[in-house]
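See structure below.
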Amino acid sequence: MRVFSFHHYSSSNKGGIEFLVKHLKNVVSTSESLFFELYFDRFSSTPDDEINIKADRGKLTKLYEFFQSRTVFKRIDFCADDTLIIFSPKYLLFVPSFILKNVRVILVQSNRYDIYVRKINKLALYLKGKYVNDLCVYSKNDLDSFSELISTNNITPSVIPRGCRISSSSEPVKISKKIVTVARISEVQKNFVGMVEVIKLLPEEYTLDIYGGGSHEEILKLNRLIEDVPNITYKGVAEDVRSILRNYSLFIMTSHFEGFGQTLIEARSQGLPLIVYDTFDALRTIIDNGYNGYIIPYGDQLQFSNKIVKILSSDKGFNVFSMNAIQSSKATDYASVSELWRKLIIKRQN
């Protein structure tokens, strides 16, 4: 059996889906199956287990990628035992129907439901949803959101959370007024404007450090946003996430939308309580409100800032939050999630 993943970027890049592709490679490598990764990247060299669909950038990039990917897929000698894993419905359009019909297709959730099924994704599901055999979602809450899609296309659903890529700590972090976030620098999704407004409501001894990579334009925009806010600092890309997180006492996220929130489970594994805007279904599988953090109604900056002060004002209360965060991290333990993927990909195939 062979397993193919199809995503826009190579797993050598940073990002939640890129990490998941690496995770799936590791899962498949423990069996006698082969894993091949297909992606678009005109710059990178390509290992033997990857298929780089070269695409020049320009005004017609998407159209070129569409035709080029179909050409590449036709050159692959697919058989009935093969599995194709796709992370966005639109990429169903990039694969010839005769291939989708003859392989097992696993569609993996990569964003909140209403984002996942809009525009071109909605068209793709209408035209080719019938070829999807399995749908993997983040949580039971997400399963409810996807129920119509599942029943319409007779898809077999599975619930598999993201696995945490760093090992959990056994000790709580120390209480301080140091707050952190790790995110892709993209205002349209991450809502740094809202985050800055929350921090402005706090006493000046509270500090926020922002880690993450992004385009030159987005990073410039962020630096302009915080240049007059002395207690907020942009720190660049987080190279050693585990060590970085252990230097802080609280993790915050103010995103307009998310799929799962990979950085949340990483922060939780190190004992950081979490405070997050309520903008995606899977959040309630990560935060138990009042136990390991708080879920805040979207846009309620005052409540957000008040909960920060509440968590970071009592040594005893903070230690309880921190240990609860570590306890909660068992749900996304890497080995446990790997076994769920192995059962879906390998055992069901057999």
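With +1 on each Lys and Arg Cβ and -1 on each Asp and Glu Cβ, how big is the dipole of the range 178-332 about its Cα centre, in debye rounded to the nearest 20?
Its charge dipole is roughly 420 debye.
Can you give me the pair-distance distribution of the range 178-332, C-alpha pairs, 10 Å bins, whole percents?
For the range 178-332, the binned pair fractions read 11, 45, 38, 6, 0 percent.
Work out from phi, with θ = phi - 60° and the Karplus expression 6.51 cos²θ - 1.76 cosθ + 1.60, the ³J(HN,Hα) of each residue of the range 231-247, listed in order in whole Hz, and give x for Gly and Pro.
After applying 6.51 cos²θ - 1.76 cosθ + 1.60, I find 9, 10, 10, 8, 9, x, 6, 7, 7, 10, 4, 4, 5, 4, 4, 5, 8 Hz.
Using the Karplus curve 6.51 cos²θ - 1.76 cosθ + 1.60 with θ = phi - 60°, work out ³J(HN,Hα) for each residue of the range 106-116 in order, rounded to whole Hz, and write x for Gly and Pro.
Ordered by residue, 3J(HN,Hα) equals 10, 9, 10, 4, 10, 6, 4, 3, 5, 6, 5 Hz.
Given Ser313, Thr207, Val180, which one lies farthest toward the positive end of the charge dipole of the range 178-332, if we put +1 on the Cβ of every Lys and Arg and -1 on the Cβ of every Asp and Glu?
Ser313
For the range 154-163, take each phi angle, set θ = phi - 60°, evaluate the Karplus expression 6.51 cos²θ - 1.76 cosθ + 1.60, and give the result in whole Hz per residue in order, putting x for glycine and proline.
Result, ordered by residue: 6, 8, 7, x, 9, 10, 9, x, 5, x Hz.
Would you work out which of Ala331, Phe304, Thr233 lies farthest towards the positive end of the dipole of the range 178-332? Charges go on Cβ: Lys and Arg +1, Asp and Glu -1.
Ala331
Give me Leu222, Leu250 sorted ascending by neighbouring Cβ count inside 10 Å, so fewest comes first.
Ordered by Cβ neighbours within 10 Å, fewest first: Leu222, Leu250.
Using square roots of five times the C-alpha gyration tensor eigenvalues, list the equivalent-ellipsoid semi-axes of the range 74-115 in whole Å, biggest first.
Output for the range 74-115: semi-axes of 22, 11, 7 Å.
Rounded to the nearest 0.05, what FRET efficiency is calculated for Cys79 and Ser215 with R0 set to 41 Å and r the Cβ-Cβ distance?
It comes out at approximately 0.50.
How much length is gained if the chain between Glu205 and Phe98 is pulled fully straight, taking 0.36 nm per residue apart and subtracting their Cα-Cα distance, in nm to one decimal?
32.4 nm
Going by amide H atoms built from the backbone, whose H comes under 5 Å of the H on Ile51, apart from near neighbours?
Glu37, Leu38, Tyr39
With the crude spin-label approximation of a point 7 Å out along Cα→Cβ, what separation in nm comes out for Val237 versus Ser147?
4.3 nm
Determine the alpha carbon to alpha carbon distance for each of Lys122/Lys343; Lys22/Lys122; Lys14/Lys178; Lys90/Lys119; Lys25/Lys235; Lys177/Lys200 and list only those over 21 Å.
Distance filter (> 21 Å) returns Lys122/Lys343; Lys22/Lys122; Lys14/Lys178; Lys25/Lys235.
Go from 0 up to the bin containing the longest alpha carbon distance in the chain, width 20 Å each, and give me the % of pairs per bin.
Per 20 Å bin, starting at 0, the Cα pair percentages come out as 29, 55, 16, 0.
Among Arg162, Arg75, Arg112, which one shows the highest mean-square fluctuation when the chain is modelled as a Gaussian network with alpha-carbon springs under 10 Å?
Looking only at Arg162, Arg75, Arg112, the biggest GNM fluctuation is shown by Arg75.
Every read-out reported here was derived from the displayed coordinates using simple, explicitly stated rules and does not represent laboratory data. What you are looking at is a predicted structure, and each value in this text was computed from that prediction instead of being measured. Counting neighbours? That spans all protein chains shown, and the Cβs are built from the backbone with ideal geometry, glycine included.
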